[in-house]
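Notes for the one structure printed next.
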Amino acid sequence: MSLLKRIGGSQSQGETPGTGNAVVASPAAPVLRSGQGDGAPATGSSHTAPGSATGEMSQQRMLELSLWIVDRILSSLSGQQELKRSPEVERQIQEKFTGAYRQSGVNLTDDQTKQLYDMVMDELFGFGPIEPLLRDELVTEVMVNGPRLVYIEQKGKLTLTPVRFANDDHVLKVIDRIIRPLGRRIDRKWPMVDARLPDGSRVNAIIPPCAIDGPSITIRKFSKKKLQVEDLIRFGSMTPEMAEFLRACVVSRLNIIVSGGTGSGKTTLLNVLSNFIPEEERIVTIEDSAELKLAQEHVVRLESKPAELDGTGRVSINDLVINSLRMRPERIVVGECRGGETMAMLQAMNTGHDGSLSTLHANTPRDAIARMETMAMMAGMDIPVNVIREQIAAAVDLIVQQTRLEDGSRKISHITEVQGMEGDVVVLQDIFLLHILGKTPEGKVMSELRPTGTRPRFSSRLEASGFKLPPSIFGATVPGQKRSW
């Protein structure tokens, strides 16, 4: 069988999480064996290939061979500035791959040849060794801890993978490919960056000198299928009664904060809640890196901007929140409050922009109140703490606490009403609570989501918007009716 037939069709021509383009750079000259001339590089170089091999080859040697072939292909395309993926370009790559493969002197099995070709295509058009992980729909997070350690999250559990990079420079090239289309930068002066992949997945990268063991990449993947409230009910993240209550709150223009720890599912829940916003309303979303995917048509998406090389030109979340007030928004959705923008968000909620939504990091609803106090102080205004608390109590109507359990499952653990102030204390009242019942022998956490039996004080606002929720939603027993929990 010819080499072209062996590799033909081994790479899908559909869309992948990669960029689809390859920017051609001048590759480093490979180190050659003595007397070998322009043949394969010697073992020990960063882009090396075995001089002659038959049958099985280690993953490390396969990686070295793939990078050497990539260098050969890019060398032959030095006159082109950018490769755009197309059937014609793929045909050219196949031909050049064939020539470089034969020049390497290796003799692989059919399966290994296909694997090698896929690795080359991932280097040219995707994100290198981690591209197969990004294509795997079962993988929800990819974590690169330097070139030798790559972890993934599947079903809430972390697993070490056999994926490796050649060296630190190889990881840096992948980081550069991610951030270059976004106009962002990373270097020794500012060795960290937030970005996103073309499919919206969230990326954080940090490099030396801050990353001691080598460049690190963390990618939070977003499901290609946009989750709906029915999906969260099916997963057990909420009950139908909770979903109906939250829908009534969003439509009735209550100000809602989604609170939770890292990886607890805050952004997913915020996306689902945003889908309850009526289609005819104008929505402005504000994020550090655009992640929200709203179904409505009348949406203006804003994204913060890092500073230029000279330190000027930075546009913060706080700047965008202030600017959004001049854009006639009917709803303001802030992806996450992390600092002084919290004060601007509270001011917006208190000045007629009802129905606003945001998230923040906190472990409980009470902690969320304390976090908002702290972040509001970061605005630099000389405002007493009790005044900030009054602003919070007047602005926020509901806190929805999202929790990641020990078995990796994500559930709403609290739906809590902010009822106002009593003295210097913000009064909170739980409406729904998660009760942990124990664990199965397999380690799965058993839990139940239950109402507390308390109707919220803002029930009249829900009724004014046409929602007359039955007492059973809040845990009241009706004669002849069984409880849903």
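The values are calculated or read from the model by the stated rules, or taken from the named source; none is laboratory data. What you see is a predicted model; the values in this text were computed from it and never measured. Here Cβ is always computed from backbone atoms with ideal geometry, including for glycine, and neighbour counts include all displayed protein chains. Only protein heavy atoms, including side chains, enter the accessible area calculation; ligands, DNA and RNA are left aside. Shrake-Rupley method; radii C 1.70, N 1.55, O 1.52, S 1.80 Å.
One table, with the values for the structure above:
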quantity	calculated
Residues located in region 404-446, provided they are surrounded by 15 or more Cβ atoms within 10 Å (Cβ to Cβ), under 27 Å from the mean Cα position of the chain (by Cα) and either among the charged types (D, E, K, R) or closer than 21 Å to Lys155 by Cβ (or both)	Arg404, Leu405, Asp407, Gly408, Ser409, Arg410, Lys411, Ile412, Ser413, Leu434, Val445
Some residue of region 376-398 being in contact with a strand residue (DSSP E or B) (Cβ under 8 Å, 6 or more places away or on another chain), among the basic types (Lys, Arg) and more than 26 Å from Gln347 (Cα to Cα)	no
When residues of region 232-261 are limited to those that are polar (S, T, N, Q) and in contact with a strand residue (DSSP E or B) (Cβ under 7 Å, 6 or more places away or on another chain), the one most open to solvent (accessible area, probe 1.4 Å)	Thr239
Residue within region 366-376 that is hydroxyl-bearing (Ser, Thr, Tyr), open to solvent by 20 Å² or more (accessible area, probe 1.4 Å) and in a helix (DSSP H, G or I) present	yes
Qualifying position, being within 25 Å of Glu390 (Cα to Cα), open to solvent by 10 Å² or more (accessible area, probe 1.4 Å) and without any contact (Cβ under 8 Å) to a residue 40 or more places away in the chain, among Ala344, Ala307	Ala344
Extreme residue, modelled with the lowest pLDDT, among residues of region 108-143 that are in a strand (DSSP E or B) and open to solvent by 10 Å² or more (accessible area, probe 1.4 Å)	Glu141
Selection status of Val321, in contact (Cβ under 8 Å) with a residue 12 or more places away in the chain, open to solvent by less than 20 Å² (accessible area, probe 1.4 Å), part of a helix (DSSP H, G or I) and within 30 Å of Lys224 (Cα to Cα)	yes
Scope region 271-316; condition within 18 Å of the chain's Cα centre (by Cα), closer than 19 Å to Gly339 by Cα and not charged (D, E, K, R); matching residues	Thr285, Ile286, Ser289, Ala290, Leu302, Ser304
